[in-house]
Every structure is written in structure tokens, then in C-alpha cells.
Amino acid sequence: MLRTWDCLSGEHDWRLVLLAATLCILASLTAIHLWWRAIAAQDTARRIWLAITGIMTGFCVWATHFIAMLAYTPGLPMTYDVVLTATSLIAAIVVIWCGLSYATHRQNNATVLTGGACVGFGIAVMHYMGIAALSVPGRLHWAPDLVATSIVVAIVFGAAALWVAARGRRTLNFLSAGILLACAVSSHHFIAMGAVDITADPTVVPTGMDISPKGMAVTVAAVAVGMLGLYISATAASARAQRGAQESERRFRILVEGVKEYAIYLLDPKGVVTNWNAGAERITGYVAEEIVGRHFSCFYTDEDLIAGDPDKMLSTALATGRCEVEGWRVRKDGTRFWAVVVAQPIHDENGILMGFAKITRDVSVHRANRIKLEQARNNLDRALANMSQGLCLFDANERLVLANRRFAEIVDVDPSRFQPGMSYFDILNVLAAERRAKGTLLQNPADTYRVHMARVRDGSRKPIIVTLSNGQTLAVTHSPVADGSWVMTCDDITARRLSEEKIAHMAQHDSLTGLPNRVYLAEYLQEAISKYQEDGRHVALLAIDLNRFKEINDQHGHAIGDKVLSTLAARMSGLLKPDELFARVGGDEFVGVKRYHERAEINEFLNRIEDNVFQPIRTDGAELPGSGSIGVAFYPRDAHNVEQLLNNADLAMYRAKASLTRKICFYEAEMDELARARRTLVTELWSALEREQFIVHYQVQKDMQTGLTTGYEALVRWQHPERGQIPPSDFIPVAEECGAILKLGEWVLRQACSDAAGWAEPWKVAVNLSAVQLSHLDLVGLIEDILIETRLPPERLELEITETSIIGDKKRALRILSQIKALGVSIAIDDFGTGYSSLDTLNSFPFDKIKIDRSFIMEAERRPQSKAIMRSILALGRSLAVPVLAEGIETESQLAMLIEEGCLEGQGYLFGKPMPSVVPSSQIPSSQAPSSQAPSSQECVTG
Ligand code: C2E
Ligand code: CA
Ligand code: CA
């Protein structure tokens, strides 16, 4: 130690020693720094860094030694063997590099210590080879103990330096390790220098190169410092760059780790998760500690695992550079989510696979929405496809957005011809071309376009009916939508229209003959009348009634009757010319209509109808003789409207029917007006029966000698709601004609019997019986029923019949009268003397009373003939023992005359006018006109 100090203090140039020490510290720190870099690097980079570390450290250690050697002034001239000096440099580099490499390759305590020892040994090797290169004129004496010490010191410090450096990249470690390595170099050098002693020997001739110590030292130091400086500045720049990179990496990491929307994580090449971001945690539920280190297949469903999807994904990503898949993934809690996953392989700068970057996105909501949207779209598509209507949607620029299949079907065009983006005009052109080809074109597309666009603009949604020449009918509707677009729908209404037409036809035509019916006729006439204003054509209406058609029906049945009508209809339909019509308006009632200018046209029409309608019709053994009646009326001559025209033609027809000579009658105002009034009366009569507008009045009949009431005659009255009370003479004949008398007579009989049954005294009631009633099948039964029903004793009922009633079928009439009489009912002969063979009548039947017609009584005082007839009737009665009643007694003189002539019974205004009720006899003075003492209602005794 002492020798070492002596050597250091006495034999060295301190300035150079200082330079060497500085260089030694810098070199040591640099060596540690470089070694750390080598540790941090991998593979080739590491090898390169190790080489650089070895070269730098070896050179600097050598330079330190060389400068220290130059500082050594043993007092003898020193030269250097160049080859050995260079060899020592190479040895330093190689051995140090070996030590560092060994320490690096495992980095455990043993290798680090061994490697560090090797570094220390390399320092020693370099030192002693450097000493060996020294050539002085003297001899070198070695102290073996110091030599050994110097080597051990180098090895120990070297090992310690690397051991400290390997403890971690901290500043303290850096400085400690650097100082330890500097100690290894410096302590070894000075101990080793102390171990040598040079004694001068002039016989020894130096063989080395003479080097100026100061110049050389400066040169070597400059090279070493330059190298170090270069390295330090490169390192500083690199550190700055690294810091920048780290900063951006940090920011990037914060960004990646902070992203919550996406799971972003890395896999190693085998698929093990190596890092994890917040998004991954949010989506899967795993925190980083739970998942880092696990294989990413834990996110897959069992099915996908069986299918080997995880491996497939990595291999695809590897093969194609990117793999994107969609599918179910499993969360930590076992629930599933629908994910879009992208995997990309990551390679280092040398193309070696480092792992995979994976980005996973939970698109469950998005997928659910997409499915919903798809479903909605599918539903819409299905609805559109299955609509019965064709539908096209156009945008505000009239461009087709969509068209359903039904539209193409309805217009019978290949659906591919309607493409989105086509204008409405284009579509009309397509349709026009198609229809032109099929020959069903009706309108040119430009016109159609104008009409349709006007409808789009007016927004009325009123359908446009398009009828094609092939009979197809379409209803096209344009419905504007808010933004200027519109929906066009197209309906094939052919079938509907046909059935409507059929219904309309059925409503307007007779189902049996197919001829127009009354409804159609009315419309046709209405139109014909309105057209008269335009073209001046008159309208002729022919009311046609077949004769004896009822007999065909009755004798041969309705089927044959129907055939007759059909035959006639067919016959007529074939004959019609323009502006003519033949309609069936009732069972055997037909109507012919013709619009005409000249009267001659009507004659021709009438002839045609006559020739055909009045031809015998034979069918299935039945024959309609082919006769009928035609009534003709003209518009505007005979009528102002359709109803009048129909009525007037009917009236004319009735006249023709009544006529024995004329088959065709033209309407004549006067004649036919009477008939009209009568027809009106008939209609009203029937409805009056329904509505009970009749009442019965009673006229008293008296015993003219005692003045006592013998009975009352029932006389019917019609209380017409508009015309007031109508006398029986105005309606009885009509009632007899139309048959209403049967019902009316029955009603009067029942009413009279019922009233009489309620009278205070058992007066007789006389009821008039019409001839029509007498011919009624079961008159006797009816009378009997009514008597039973009203409980009126038969002897209180008297029926009055006129002579004319028994003229027709006299035998039958008399038989019936006998049967009635047999019931106990008495029969009076009314209006006696006015008939043709009054005596014969009296002779043929045992009447109970003769009523002298009031005309004889009224005229008796003026006309002797009348008085004579009156007298003879009274005489006849006396001789036949039939009581005689005189009608129409109005005056006292008439009464006196009749009493004088021996008439016992009387009736007339003198005794009382017909009244709605009967009055008790005690209140009627025998010779007072009943008009002067109108009975009050309290005094009335009625039924
Ligand atoms: P009739 O059977 O000869 O009836 C007598 C008619 O003479 C009645 O007219 C009566 O009001 C009228 N009369 C009675 N006393 C006088 C008088 O002093 N002076 C005048 N000028 N006339 C008198 P009425 O009620 O208008 O009846 C007319 C005819 O109508 C009846 O003639 C009868 O033939 C018929 N008639 C009335 N009621 C019925 C009925 O219920 N059934 C049927 N079949 N015929 C009836
Ligand atoms: Ca009478
Ligand atoms: Ca009479």
C-alpha cells in the first residue's frame, strides 16, 4: 500500500492523473448506462447494444490506463510497443464485452456477479498487457502480492458494479454502479503500478515507439471524451425523443384505457389478454386483474367454442391482416351481448408477431333496433306486397320511390319496368307503350299526366276512373303527403263495376223477361222529356194491356203464363229501333215509348207493335189469342210530366179496354178526366174502408095512422177527410163496380144490426142490399153470422132490395132470398115502380113490404099518371096482402093524400131526415118535421 502511495505521489504527473480520473468516471457511468440499454433491448438490438457497450467501455478503460501511464514518470525515458498497446486495447474490449454479455443473458445474481467479475478481469488483462507494451532502459521488478491484490480488486469492484446496476434503473444505482466501476479501473491501476519497480539498466535498449506523453494523452483523452460526448448527446437526444414518445404513449394509453364505448385490448400471439381498457371492463364486466393473463376465448359462447371460432378469428386476422366478425359474446355474469369484434395482428419492426389488437363493441341495442327495423320493413313489405291495391310512392320531384308488386299486376306490366327514380311521366309512358302493344290504349300519356297532376295538386283524393277498351276499369287515387311527395293507389274495380252494373240492371229490369221495368221506364221518360228541350223530339207513350192473359194463368198455370210473356218480350225487343223502348210494368201490362218528330213515325210504331203484340202466342199447348188494348198519350201535348203522361196513357188504355170496337185509344182530355175522377174515387174508397171513414145514419119509418115508429132505414155516409160528407148516390155505384160494395155492405149490415140491438125499443132496422151482394157466394151465412154476433132477433131485420137486383140470375137470386127469409129476416122491395117488370117481380117472390119509390109520391100531386101508379101499387099490395110504405114524404098534403089513399106506412123528411142516431118515439110528435127538433146527444139511444 505504501509503495502504491509512493508510486502515486512521487512518480505521476498529477494533471494527467486528473484527466485520467475524469475520463475513468465518465467512462464508467457511460458503461452502466449503455449496459442498461442493452438489458432493455431484445435480441439483435441487445447484441448491438452489448457490442457498443463493450467497445465503448473497453476503449475508455484502455484510454484511462493509457493516459494514466503517460502520467507515470519513473525518471527513465519510456517508449511503447505499438502492437502490444493495440492488442491490450482489443483485449480490453473483448473481455469486457464477454463479461457484459454473460451478465446480460440471464440477469440473475450469479451471472451478473460472474459477468461483473469478468469485466474487472478484462480491466486487469488490459492493464498488464499495457505494462508489457512499455519499453524502458531498465529492469522491472514485480511485487507479486500487489499484482494479485490489483487483480482481485478489479474483479471485486467489477462484480459489485454490475450487481448494483442490475438492481434497477434508479439514479442512485446508476451513480453507485458507475463509481464502483471507476473504482475497479482506478484502484486496480494504481495498485498494479505500485506492484512494479523499475531500476535503470543502460544495457537495456528501449525498442518501442517514443510518444510525447502530453500530446498523446490529450489525443487519446480527446478521442475518448469525444466518443463519450457523442454518446451522451445522442443519449440525451434519444432520451428526449423517448420522453416525447413516452408522453404520447401515455396519452394514447390514457385515451385507450379511458375509452368506454369500445373494449380495446391486446392479446399475446397465443390469444392471452395482456391489457384491458375501461370500455372492456364496462362491456364484459371483468376488471383488468381478473382478465389479464386469461385466454380471450372466455368471451365466447359454448357453441362458438365448439365451432373453434376464437382460433379461426386469430388465424384469419393473421392471414388477411384483419378479421371482423359479429356474434354473441359472454359477459362475466354469463349474460350475452351482441358484439362487433375486430382483430388485427401486431408485428414489431422486424416483422415478428407481437400479438393482436382487439376492438369489441357492444351493439346489442343497435342490433335489436336493426331487427325491429327489419321486422317493420318486412311487415311493410308484406303489407305492400299483399295489398289488393296497387301503390306507388313519389317524392316531391315526381320521382318514383317505391311501387308494390300489385301495381305491376293490376296494370299488367313486368314489375322490373318500374324502377325507383323514374318520373311519373315515365311511368305513364311505360303504361302507354304496353297498352299500345295490347291495343287497349285510350288516352295519350300527356293528357293523362295533365289530368292526374291536377288531381295531385288539388289534393281532393277523388278517384279518377280509367276504363280501358278491354273492359278493365281502374280507380286511381292521388293522395298528397306533407313534404310534397304523394301516394298513388290503383284499384282494379272491374269486378265491382260489373256487379254494380248487374245490380243496377236487376234494379231496372224485369227478371222474367229482361225488359226494362217501371224504374227504368221512369228514368228513360224523364230523360226523354228533358231531351225534348234540346232536340224537339216529342214523346209518345203506349200503355199496352193484354186481353185474357189472366185466363192463361188460371187455366195453364203460371209457368206457361211466364213463357207467354217471355215470348212476347223477345218478339218486341227484336223490333225496336233507336229512340224506342219496350218495358214491362205489371203482370200483363207493357209500355212502349218512342221519341219522334213526325206523327207518321208514331203510326208506324203503333203498327209494328200491333202486328207483333196482337199476334197469337202459342206455347206448350197454350195460346194467347193476341189481343189487347193500347192507350196512347203524347208529351208535351197531353202531359207536363212523366207521371201525367203515364196516367193519361193508362186512361186512354182503359177506354180502349171498355170499348168493344177500338183496340187503340188516344188520350182525350174530357173523356179521360171523368174516368180519372172515377179511378181516384175507387182508390179512395178502398182506403176509406181501411180507415173506417164510413158511418151509418138512420131514417125513421112511421105507421101513418098511429104516428108510431115502426123502424129505421140504415143509410150509409162517407165522411171524406177533404171533401166532407159524400152521399151514397155518388159512391155506391162505384163501390158496386169495383167490388168494394161487398166489404162496405157487410160493414153496414153489421153496424146496423149492432146499433139496432142496442135500441130502447124493438124497432125494425131496414138495410139496403146491393145486387152485387146478392150474387155473393155466402150471403146467407154472413147474415146469419152477423145476427148471432150482434144478437139481433132476425124478425127485427129487414133487407131492402131493388128490382134490378134480381133481374140477372133471377132463379139464383130468388133462392137466396128464400134462404134469407127462412132465417126469419123480412125482405122489402125498394124503389118499387121504377123497374121494367114490377108485377112479375112481385109475383115471383113473397116480399114482406113494398116501398113505393119517392118519385111517385113527389109527382103524385102534379102528375095524374104518377098518382095512378101510386094508387095501383097500393091496390096491388092490398090484394097481395103485402104492406106498402111510401118513401119521400116531405109535406103534410102528401101525408094527407097517402092516408086518404090507404097507405099505412111512410118515410120521409116530414118524419125525419137520416140522422146519425135514433130518437125514442115518445119524443117525436107524429106530424112534426124532425128537422125542427134536432135531438141532443143525451137523448140519443144508439148502438
Ligand atoms: P133508398 O134506399 O131509396 O133510400 C132513400 C133515400 O131517399 C135516401 O137517400 C134518403 O135520404 C132519401 N130520402 C128520404 N126521405 C126523403 C125525402 O123526404 N125527400 C127526399 N128528397 N129524399 C128523401 P140517400 O141516403 O142519399 O140514399 C140514396 C140511395 O143510396 C138509397 O136509396 C140506396 O139505394 C142507396 N143506399 C144508401 N145506403 C145504402 C146502403 O147501405 N147499401 C146500399 N146497397 N145502398 C144504399
Ligand atoms: Ca132503401
Ligand atoms: Ca128507395
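Quick notes
- The set of residues from region 811-843 being farther than 25 Å from Ile788 by Cα and either open to solvent by less than 40 Å² (accessible area, probe 1.4 Å) or in contact with an Asp or Glu (Cβ under 7 Å, 6 or more places away or on another chain) (or both) comprises Asp830, Asp831, Phe832, Gly833, Thr834, Gly835, Ser838, Thr841, Leu842.
Yes/no matrix, rows are residues, columns are (1) closer than 18 Å to Ala221 by Cβ; (2) in contact (Cβ under 8 Å) with a residue 60 or more places away in the chain; (3) in a helix (DSSP H, G or I):
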position	(1), (2), (3)
Thr22	yes, no, yes
Ala27	yes, yes, yes
His33	no, yes, yes
Thr44	no, yes, yes
Gly75	no, yes, no
Tyr102	no, no, yes
Gly116	no, no, yes
Met129	no, no, yes
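- Failed item, numbered, when Lys270 is tested on (1) over 30 Å from Ser364 (Cβ atoms); (2) at pLDDT 80 or above; (3) surrounded by fewer than 19 Cβ atoms within 10 Å (Cβ to Cβ): (1)
- Residue match in region 796-809 (condition: away from ligand 2 (no atom under 16 Å from the Cβ), outside any loop (DSSP other than H, G, I, E, B), under 22 Å from Pro762 (Cα atoms) and open to solvent by less than 50 Å² (accessible area, probe 1.4 Å)): yes
- Where Gly739 falls short, out of the listed (1) within 11 Å of ligand 1 (Cβ to nearest atom); (2) open to solvent by less than 70 Å² (accessible area, probe 1.4 Å); (3) within 26 Å of Glu684 (Cα to Cα): (1)
- Failed item, numbered, when Leu542 is tested on (1) farther than 21 Å from Tyr654 by Cα; (2) assigned to a strand (DSSP E or B): (1)
- Top-ranked residue in region 748-782 [being of a type in the set (Val, Ile, Thr) and either in a helix (DSSP H, G or I) or at positive phi (or both); ranked as farthest from ligand 3 (Cβ to nearest atom)]: Val780
- Of all residues assigned to region 363-374, none qualifies as being surrounded by fewer than 13 Cβ atoms within 10 Å (Cβ to Cβ) and part of a loop (DSSP other than H, G, I, E, B).
- Among residues that are under 30 Å from Ser805 (Cβ atoms), open to solvent by less than 60 Å² (accessible area, probe 1.4 Å) and either at pLDDT below 95 or within 14 Å of ligand 1 (Cβ to nearest atom) (or both), Glu859 is included.
- Check on Ala159, of a type outside the set (Phe, Trp, Tyr), surrounded by fewer than 18 Cβ atoms within 10 Å (Cβ to Cβ) and in contact (Cβ under 8 Å) with a residue 24 or more places away in the chain: no
Per-residue answers, yes or no, for (1) within 22 Å of Glu798 (Cα to Cα); (2) assigned to a helix (DSSP H, G or I); (3) open to solvent by 80 Å² or more (accessible area, probe 1.4 Å); (4) within 14 Å of ligand 1 (Cβ to nearest atom):
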| site | (1), (2), (3), (4) |
| --- | --- |
| Leu645 | no, yes, no, no |
| Ala675 | no, yes, no, no |
| Arg678 | no, yes, yes, no |
| Leu685 | no, yes, no, yes |
| Gln705 | yes, no, yes, no |
| Lys743 | yes, yes, yes, yes |
| Glu746 | yes, yes, no, yes |
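- Across region 665-676, a minimum of one residue is classified as of a type in the set (Lys, Arg) and more than 16 Å from ligand 2 (Cβ to nearest atom).
- Residues in region 721-736 that are surrounded by 14 or more Cβ atoms within 10 Å (Cβ to Cβ) and either away from ligand 2 (no atom under 16 Å from the Cβ) or among the aromatic types (Phe, Trp, Tyr) (or both): Ile726, Phe731, Val734.
- For the condition surrounded by 12 or more Cβ atoms within 10 Å (Cβ to Cβ) and either of a type in the set (D, E, K, R) or within 21 Å of Ile493 (Cβ to Cβ) (or both), Ala403 qualifies.
- For region 757-785, the candidate set comprises residues that are among the small types (Gly, Ala, Ser) and more than 16 Å from ligand 1 (Cβ to nearest atom); within that set, the residue that is surrounded by the most Cβ atoms within 10 Å (Cβ to Cβ) is Ala757.
- The set of residues in region 164-177 being surrounded by fewer than 18 Cβ atoms within 10 Å (Cβ to Cβ) and under 17 Å from Asn108 (Cα atoms) consists of Arg167, Gly168, Arg169, Asn173.
- Residues considered: Val95, Val61. Of these, the only one that is farther than 23 Å from Ile232 by Cβ, of a type in the set (A, V, I, L, M) and in a helix (DSSP H, G or I) is Val95.
- Extreme residue, least open to solvent (accessible area, probe 1.4 Å), among residues of region 603-636 that are touching a residue at least 12 places away in the same chain (Cβ under 8 Å) and among the acidic types (Asp, Glu): Glu610
Listed here are the residues, each with its yes/no results for (1) basic (Lys, Arg); (2) surrounded by 11 or more Cβ atoms within 10 Å (Cβ to Cβ).
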{"residue": "Ser233", "(1), (2)": "no, no"}
{"residue": "Ser238", "(1), (2)": "no, yes"}
{"residue": "Gln242", "(1), (2)": "no, yes"}
{"residue": "Arg253", "(1), (2)": "yes, yes"}
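- Failed criterion for Tyr698 (all others in (1) open to solvent by less than 10 Å² (accessible area, probe 1.4 Å); (2) touching a Leu at 6+ places or on another chain (Cβ under 6 Å); (3) within 14 Å of ligand 2 (Cβ to nearest atom) hold): (2)
- Evaluated against (1) touching a Lys or Arg at 6+ places or on another chain (Cβ under 6 Å); (2) at pLDDT below 90; (3) within 27 Å of Pro733 (Cβ to Cβ), Ala658 falls short on exactly one condition, (1).
- Close pairs from region 762-776: first in contact (Cβ under 8 Å) with a residue 60 or more places away in the chain and charged (D, E, K, R), partner away from ligand 3 (no atom under 15 Å from the Cβ) and part of a helix (DSSP H, G or I), Cβ under 7 Å, at least 6 apart: Lys764/Arg796
- Checked against (1) away from ligand 3 (no atom under 16 Å from the Cβ); (2) β-branched (Val, Ile, Thr); (3) open to solvent by less than 50 Å² (accessible area, probe 1.4 Å), Ile889 passes all but a single condition, namely (1).
- Residues being touching a residue at least 40 places away in the same chain (Cβ under 8 Å), within 15 Å of ligand 1 (Cβ to nearest atom) and either β-branched (Val, Ile, Thr) or not in a strand (DSSP E or B) (or both) - total across region 821-836: 1
- Checklist (1) charged (D, E, K, R); (2) assigned to a loop (DSSP other than H, G, I, E, B); (3) open to solvent by less than 60 Å² (accessible area, probe 1.4 Å) applied to Asp304, failing item: (2)
- Region 192-214 residues that are modelled with pLDDT under 70 and open to solvent by 100 Å² or more (accessible area, probe 1.4 Å), paired with ones that are assigned to a helix (DSSP H, G or I) and among the aliphatic types (A, V, I, L, M) (beta carbon under 9 Å, 6 or more apart): Lys214/Leu16; Lys214/Leu70
The values are calculated or read from the model by the stated rules, or taken from the named source; none is laboratory data. None of these values were measured; they are calculated from a predicted model. Here the Cβ is made from the backbone with ideal geometry for all residues, glycine too, and neighbour counts use every protein chain on show. In case anyone asks, the SASA skips ligands and DNA or RNA and just uses the protein heavy atoms, side chains included. Shrake-Rupley method; radii C 1.70, N 1.55, O 1.52, S 1.80 Å.
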